[in-house]
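The values are calculated or read from the model by the stated rules, or taken from the named source; none is laboratory data. Quick caveat: nothing in here was measured; it's all calculated off a predicted structure. Cβ coordinates were reconstructed from backbone atoms using ideal geometry, including for glycine residues, and neighbour counts include every protein chain displayed. In case anyone asks, the SASA skips ligands and DNA or RNA and just uses the protein heavy atoms, side chains included. Shrake-Rupley method; radii C 1.70, N 1.55, O 1.52, S 1.80 Å.
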Amino acid sequence: MLNERTQVGVIGAGPAGMLLAVLLRRAGVDCVVLERRDREYVANRARGATVEHRVVDLLRRHDLAGNLLRTGAVEDAVEFRLGGRRYPVRYEPLAGGRSHYIYPQQFLVRDLVDAYLADGGDLRFETAAEAIDDLTGQPRIRLADGRELRCDVVAGCDGEYGVARRAIPAGALRCADYQYDYAWLSVLAEAPPSSDCVINALHESGACVHVRRTPTVSRFYLQCGRDETRADWPDERIWKEVRIRLALDEPWTLHTGPVTDTGTVRMRSLVCDPMRYGSLFLAGDAAHIVPPVGGKGFNLALADAQELALGLIERFTTGDHRRSDAYSQHRLARIWRAQEFVHWMMDLVNTPGYGTADAAFLHRVQAARLTRLVDSPAYLAAFLEDYVGWW
Ligand SMILES: Cc1cc2nc3c(=O)[nH]c(=O)nc-3n(C[C@H](O)[C@H](O)[C@H](O)COP(=O)(O)OP(=O)(O)OC[C@H]3O[C@@H](n4cnc5c(N)ncnc54)[C@H](O)[C@@H]3O)c2cc1C
């Protein structure tokens, strides 16, 4: 039987919702997590995998990083490719020992679900929130079967298409939305990684990004036409283009394998300001979206969850609202910095003017930007500060 009342009603058991719930529960704040999908689905939904060092530190502090540290892979370089040449960028000596971990998002969600349930947390799978009422008073989350969950605070961690943001009256949020001209086909394959770091290939035919996921799974992103669909990309075309775009003038091996999942990625950015309305707080993709270049979306969602947890713990354990009141302002400064970086990186990696007469000129500008990045220590330091994330 669902609780009728809780302090924090968390909508969504993705990275943001689950980290928030674990931290609240461990601090003695009562919460209920509602998730519309089943446990199996949530534990296997493959998305991002690049975890920033500061998120790893946070997880470690809360004793949530055990599996990540045991089975994740350390990543301390990123490679660019252009014109058959490699341009490797090592994080050291500039990064002060910081690195990324490669640990698929669904594994971390699985760890957080296990930790929350082991702590006795209340998590309802296959329970969709339909609407949220009375956001400026005592909010109530309405469920599909007509039941209601009364909360002191609602945390909308229900992703890009959830109900939380839509429950806020029109005009109360300023949502800055940006649609990039670029489009990507995302390809998940049962193929061992062909590199031990991310490869971003800049190519006249369009970008190609290779990201390792696990020792047997790799993800590839191929820049494609905005109107193209999966039907335009049979598996033979995918591997042919991957080979062309990642080609080197030196020997190297591309590992291929069965394609297990594909999708067209909407290259969209969105930031909603403020990330709060009354007693409803938004976190993660419910409040902001970034394209996958640079691996920021998953990390921003976890950082939101941490800050919101700290604010709500203070609010419910001491009655001090200052930190939760400052949540939106605090997070938005960091989210806009990440947006600016991703915007810059989109233009670095993607072939501008894809398929148009401008492409040749714009590709040369793109190449000049890469040359500057690898030749200028100052430019490289600024890049790594954001890419590795130590600001
Ligand atoms: C194909 C793909 C690749 C990506 N690659 C990367 C990457 O490489 N690096 C990176 O950093 N980011 C990446 N991202 C982005 C990253 O996955 C997201 O930023 C991250 O999942 C955001 O976490 P979240 O918890 O805010 O939302 P989500 O992970 O979307 O979780 C929201 C949860 O809410 C649930 N929900 C929704 N509506 C309701 C409702 N009404 N009631 C109850 N539950 C509800 C959903 O089922 C879901 O479980 C990728 C995304 C995609 C789609």
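Against the numbered list (1) open to solvent by 50 Å² or more (accessible area, probe 1.4 Å); (2) away from the ligand (no atom under 14 Å from the Cβ), Arg166 comes up short only at (2).
Scanning segment 9-48 for residues that are assigned to a strand (DSSP E or B) and within 18 Å of the chain's Cα centre (by Cα) gives a single hit, Ile11. All of (1) at pLDDT below 95; (2) open to solvent by less than 20 Å² (accessible area, probe 1.4 Å); (3) in contact with a Pro (Cβ under 8 Å, 6 or more places away or on another chain) hold for Ser186 with one exception: (1).
Residue pairs whose Cβ atoms lie under 6 Å apart, separated by 6 or more positions or on different chains, with the first residue in segment 131-151 and at positive phi and the second assigned to a strand (DSSP E or B) and of a type in the set (Lys, Arg), are Asp134/Arg140.
Residues in segment 189-229 that are closer than 22 Å to His343 by Cα, among the basic types (Lys, Arg) and either crowded, with 21+ Cβ neighbours inside 10 Å or touching a Ser or Thr at 6+ places or on another chain (Cβ under 8 Å) (or both): Arg219 only. Take the conditions (1) loosely packed, with under 14 Cβ neighbours inside 10 Å; (2) within 9 Å of the ligand (Cβ to nearest atom); (3) not in a strand (DSSP E or B); Asp261 misses just one of them, which is (3).
Filtered by the rule that a residue be in a loop (DSSP other than H, G, I, E, B) and either more than 26 Å from the chain's Cα centre (by Cα) or surrounded by fewer than 12 Cβ atoms within 10 Å (Cβ to Cβ) (or both), segment 230-253 gives Pro234, Ala247, Leu248, Asp249, Glu250, Pro251, Trp252, Thr253. Annotation: Val29 fulfils all but one of (1) more than 14 Å from the ligand (Cβ to nearest atom); (2) in contact with a strand residue (DSSP E or B) (Cβ under 6 Å, 6 or more places away or on another chain); (3) open to solvent by 10 Å² or more (accessible area, probe 1.4 Å); the unmet one is (3). Check whether at least one residue in segment 350-361 is assigned to a helix (DSSP H, G or I) and either surrounded by 18 or more Cβ atoms within 10 Å (Cβ to Cβ) or acidic (Asp, Glu) (or both), and report yes or no. Within segment 350-361, none of the residues are assigned to a helix (DSSP H, G or I) and either surrounded by 18 or more Cβ atoms within 10 Å (Cβ to Cβ) or acidic (Asp, Glu) (or both). Taken together, the residues in segment 49-66 that are more than 8 Å from the ligand (Cβ to nearest atom) and either of a type in the set (Gly, Ala, Ser) or not in a helix (DSSP H, G or I) (or both) amount to 7. Of all residue pairs spaced 6 or more apart or on separate chains, those with beta-carbon atoms under 7 Å, a first member in segment 27-39 that is at positive phi and a second member that is more than 6 Å from the ligand (Cβ to nearest atom) are Gly28/Thr317.
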